[in-house]
Amino acid sequence: MDLRGKRVLIMGLGLHGSGIASARYAAQQGAIVRVTDLRSEEILAPSIVSLAGLPIEYVLGEHREEDFLWAEIVIRVPGVRRDSPYLRIASKNGARIEQEIALFFQACPGRIIGVTGTRGKTTTTTLIYEILRANGMPTVIGGNVSGVETLSLLPTITPETLVVLELSSWQLEGLAPHKISPFVSVMTNIYPDHLDTYNGMEEYTEAKANIFRYQHVTDLAIFNYDNLWTRRLGEEAMAETWYTSLERWGSFERDSTNLLPFTFSETPMIGKHNLENIILATTTARLLGIPDEIIGSAVRSFHGVAQRLEEIAVVNCVRYINDTTSTTPVAGRVALDAFDAPVVLVAGGNTKFLPLEDWPETIVRKCRDVILLKGTGTDELLLAIQEAAQKLGIADPVRGVFDDFTTAMDTAVSLSHTGDVLLFSPGFTSFGMFLNEFDRGDKFVAYVRRLEGFLPSSSK
């Protein structure tokens with residue numbers, strides 16, 4: 001798409017990735033660029049500094065109708081609802097509505113491997129990338145991966161490059177108008193998520209399905225058979241389709257009874273969910289022709305991704321685990337399932353209107369002590385934990401609801417004993433007390449680092 005001389009409005013600058021990359025790319029392509037964001041200049045200062053020197057106009061702290069009437073192209077960042085009244089204004093006035101990822105797909109000369117799902121997509125994406133890299137293939141990683149400006153990768157990509165992208169439901173919406181899908185699509189699972197943005201599970205799932213919807217018969221699609229949603233979606237794919245299954249301990253082509261055994265379970269990562277990620281990544285690598293010995297070596301040396309069940313430190317014989325990317329009840333439950341030791345849990349935050357399902361009961365069964373952070377979802381969780389405790393005949397483990405993170409952590413630490421796991425797995429979104437989930441995780445890590453410094457070396 002030729003952006004030279006076009007009036008381009010970036011809707012949402014943000015602090016990570018897409019908005020920054022879109023503004024930079026449009027300016028470098030010779031567009032007349034304006035950025036609008038509801039957040040203040042003070043909050044967005046790091047993003048503005050990163051774009052210093054580029055001819056970009058900023059309208060911050062508000063959205064103005066005049067900007068959407070001015071634009072010939074509006075690039076909306078992930079998370080901006082497609083039914084936004086401002087987008088309707090722009091569209092009605094003849095503007096094209098685009099997303100960063102669609103611009104990337106149209107300009108990318110390499111072969112794209114896309115990974116999506118509710119849980120596990122970052123780990124699966126990163127492991128696929130590491131396996132391909134270990135095999136000596138020219139490879140880049142981008143998409144929804146934190147800290148990567150995907151459009152900025154374009155100058156490094158050739159037709160021989162394998163481009164591994166994590167793709168969110170919002171990003172995949174941007175591919176639908178262009179009827180584009182990656183040549184390899186991987187779906188990890190589907191659970192309730194983003195129901196504050198989508199009108200139900202079917203609409204959310206349909207957005208995810210764009211990852212394979214426009215593939216060709218010569219392309220490749222891999223689905224998790226053990227998840228009912230992705231199993232069903234696998235029946236709709238036009239590409240060569242494979243399933244992975246921990247229950248069957250292997251992979252198999254759709255409509256085939258031949259099982260390719262799973263032989264890569266030796267891993268430093270914890271949790272059954274990570275085995276699901278591994279079988280998806282290794283099946284993808286096998287189907288791309290990577291030798292088993294290279295795959296196995298890469299899996300054994302892969303320790304996971306930061307902020308996802310990441311062990312930060314062992315202090316005073318207590319393991320401190322950062323799982324800040326746990327933004328759904330399912331993620332909260334999966335995190336607890338990864339540990340057998342006594343757990344002191346720090347959870348809570350703002351709701352996405354998702355069902356709590358069996359998370360409260362799992363909390364009562366597995367956590368000796370629970371510290372909750374104040375948020376719009378916390379009251380519902382607190383009541384559900386109390387009801388689960390009463391039902392199971394177990395003492396209520398909640399020790400308080402806190403609106404100050406440091407005080408909450410101080411209390412959690414005071415409740416911890418030798419051999420415990422102090423697990424930071426909120427199960428809700430972060431907005432309110434934190435800028436975003438990564439800011440939330442950074443604050444947890446900073447707290448643990450200070451804790452390490454306060455204790456004598458003999459206690460660590």
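Worth a mention:
- Solvent-accessible surface of protein heavy atoms, probed at 1.4 angstrom with all chains present, puts ASP403, ASP420 in the order ASP403, ASP420, largest first.
- Around SER416: net Lys/Arg minus Asp/Glu count, Cβ-Cβ under 12 Å: 0
- Normalised by the number of residues in the chain, the mean separation of alpha-carbon contacts (under 8 Å, six or more apart) gives a relative contact order of 11 percent.
- If the chain linking LEU60 and LEU287 were pulled fully straight, counting 0.36 nm for each residue of separation and taking away their Cα-Cα distance, it would gain 77.0 nm.
- Over 25 Å between alpha carbons, listed pairs LYS92/LYS208; LYS179/LYS272; LYS179/LYS208; LYS208/LYS272; LYS121/LYS272: LYS92/LYS208; LYS179/LYS272
- Rounded percent of accessible protein surface that carbon and sulfur make up, the range 341-386, 1.4 Å probe: 55
- Gap separating the Cα centres of the range 132-147 and the range 210-251, nearest whole Å: 22
- Summing charges over neighbours of LYS272, with a neighbour being any other residue whose Cβ is under 14 Å away from its Cβ, gives -3 when K and R count +1 and D and E count -1.
- The slack in the chain from GLU202 to GLU247, taken as 0.36 nm per residue of separation less the alpha-carbon distance, amounts to 13.6 nm.
- Fully extending the segment from ASP337 to GLU42 would add 102.2 nm, taking 0.36 nm per residue of separation and subtracting the current Cα-Cα distance.
- The packing ranking of peptides 86-97, 214-225, 7-18, highest mean first, is 7-18, 214-225, 86-97, where packing means the average number of other beta carbon atoms within 10 angstrom of each residue.
- Packing rank of 367-377, 154-164, 321-331, where each peptide gets the mean count of other beta carbons within 10 Å, highest leading: 321-331, 367-377, 154-164
- Projecting the Cα atoms of ALA23, LEU220, ILE385 onto the charge dipole of the chain, computed from C-beta unit charges around the Cα centre, puts ALA23 farthest toward the positive end.
- For the pair the range 320-350 and the range 84-126, the centres of their Cα atoms are 30 angstrom apart.
- Mean projected area of the convex hull spanned by the Cα atoms of the chain, taken over all viewing directions: 22.9 nm².
- DSSP bridge analysis restricted to the chain gives an antiparallel fraction near 15%, rounded to the nearest 5.
- Total charge dipole magnitude, the range 34-177, about the Cα centre, Cβ charges on Lys, Arg, Asp, Glu only, Debye to nearest 20: 500
- Sites ASN258 and SER301 - FRET efficiency at Förster radius 35 Å, r taken between beta-carbons, to 0.05: 0.70
- Entry comment: accessible area of the chain is 41 Å² per residue, from protein heavy atoms only and a probe of 1.4 Å.
- Mean Cβ count within 10 Å, highest first, over the residues of peptides 353-365, 171-183, 273-285: 273-285, 171-183, 353-365
The values are calculated or read from the model by the stated rules, or taken from the named source; none is laboratory data. Keep in mind it's a predicted model, so treat the numbers as computed, not measured. Reconstructed Cβ throughout: ideal geometry from the backbone, glycine too, with neighbour counts over all protein chains shown. These area figures cover heavy atoms from the full protein model, side chains too; ligands, DNA and RNA do not enter into them. Shrake-Rupley method; radii C 1.70, N 1.55, O 1.52, S 1.80 Å.
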